[in-house]
1. Show me the three semi-axes of the equivalent ellipsoid for region B:6-82, from the C-alpha gyration tensor (sqrt of 5 times each eigenvalue), largest first, rounded to whole Å.
2. Kirkwood Rh over alpha-carbon pairs of chain B, then Stokes-Einstein at 25 °C and 0.890 mPa s: what D in µm² s⁻¹, rounded to an integer?
3. Test of understanding: extend the Cα→C-beta vector of residue B:77 to 7 Å, then name every residue of region B:46-62 with backbone N under 19 Å from that spot.
4. Let's test the formula: R0 of 30 Å, r as the Cβ-Cβ distance of residue B:7 and residue A:132. What FRET efficiency results, to the nearest 0.05?
5. What does the structure give for B:92-104 when I average, per residue, the other chain Cβ atoms found within 10 Å of the residue Cβ?
6. Could you work out how far the C-alpha centroid of region B:6-71 sits from that of region A:46-62, in angstrom?
7. Once the Cα atoms of helix B:6-19 and of chain B are each reduced to a long axis, what angle between those two axes, in degrees from 0 to 90 to the nearest 10, is obtained?
8. Cα convex hull of region A:183-247: mean projected area in nm², to one decimal?
């Protein structure tokens with residue numbers, strides 16, 4: 001992922017170079033920063049999209065190299081030290097004199113980077129281990145009772161009165177009574193109808209005026225029951241013709 | 001009310017571990033069961049042996065200064081299939097910042113930024129929000145900056161019992 005450099009005295013990734021410079025294994029004087037920058041820009045141009053993380057990492061590494069180099073080149077680092085002391089108000093110990101301060105920072109950062117990787121491994125391994133979520137019913141304070149005396153009896157009575165008052169204000173409830181039909185009643189009804197009519201009653205006439213499905217079914221069942229009991233007689237003169245019902249005369 | 005028999009005590013501890021959603025410390029278990037801390041420790045170890053036996057899907061682990069029942073990593077696919085947890089891994093920046101805090105706590109924002117070389121505001125906000133770090137006072141220096149430390153939640157996330165269990169800081173770590 002890192003940019004691969006090809007310089008006169010060094011060939012490899014940038015962070016390795018910084019590492020070597022920090023450890024003073026490579027002489028910064030022999031490294032051309034402009035070459036590094038040129039190669040890095042070429043590398044960035046070759047990437048499908050700009051990775052801010054990587055770009056900023058480069059800026060940081062390059063700045064570090066530049067700083068180390070500048071300190072190496074300058075004959076009197078005393079002025080720099082003073083400036084830095086002014087900038088770093090929070091720095092308690094004066095350890096950041098010359099390039100060493102930056103060098104230790106970088107070394108420290110590399111160390112934490114490595115530790116972060118170790119933590120990442122742990123995070124991944126431990127991510128496969130699950131624990132029980134807190135059961136809601138058992139969480140603290142879930143069923144905590146009110147402190148005694150928080151509610152007076154009179155307040156309770158008042159609350160009840162409010163409820164009762166609200167009830168009275170409500171519109172009167174209208175009751176819709178359910179039509180009560182029984183098989184026996186309907187059988188009697190059919191018999192009465194047949195008795196009042198001297199002529200046989202047609203099937204259609206018997207069912208006309210029935211509005212509910214329930215009554216329709218009960219009437220039909222009553223009809224079947226009367227046939228079974230041989231109380232009525234059903235006749236049909238022709239196929240698909242009208243059906244007539246009359247009392248059976250015994 | 002005290003639990004007299006060790007088997008009963010062990011069962012009681014198991015029950016407590018089952019209902020608890022966070023690690024239970026030995027002092028807590030001791031307080032609830034009225035058993036001595038040494039006894040609790042022994043019973044916990046017995047339970048660990050039981051759960052370490054073959055054919056178990058759960059284990060009793062020592063984490064964040066306590067004990068907690070949790071699933072075995074071998075069966076994570078099944079757990080994930082059932083519950084479909086949302087995976088929210090920490091970003092690289094957040095992890096680096098967390099590593100610095102973990103090893104250097106308590107630490108100020110400026111000190112973190114000095115090591116990382118970039119601003120840490122957003123990363124710190126994320127870590128605070130996830131309750132992996134918390135503020136633990138102020139440094140007695142110019143400006144009295146806020147100090148940050150890791151939380152027990154941090155230990156839980158990484159399955160650590162205490163900060164002493166953090167991987168050692170060595171320079172031999174493979175840097176690349």
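Rule-based calculations on the coordinates, nothing more; no lab input. The shown structure was predicted, so the numbers you read here are calculated from the model rather than taken from an experiment. Every residue, glycine as well, gets a Cβ built from its backbone with ideal geometry; the counts of neighbours run over all protein chains shown.
1. On the way: eigenvalues 111, 34, 20 Å².
Semi-axes, largest first: 24, 13, 10 Å.
2. Working: Rh = 18.8 Å.
Estimated via Stokes-Einstein, D reaches 130 µm²/s.
3. The answer is B:55-58, whose backbone nitrogens lie closer than 19 Å to the label point.
4. On the way: r = 24 Å, r/R0 = 0.79.
Approximately 0.80, to the nearest 0.05.
5. Values: counts 5, 3, 1, 9, 9, 2, 5, 10, 7, 1, 4, 4, 2.
Neighbouring Cβ atoms belonging to other protein chains average 5 per residue here.
6. Spelled out, the Cα-based centre of one part sits 49 Å from the other.
7. 40
8. Details: hull surface 17.7 nm².
Orientation-averaged projected area of the Cα hull: 4.4 nm².
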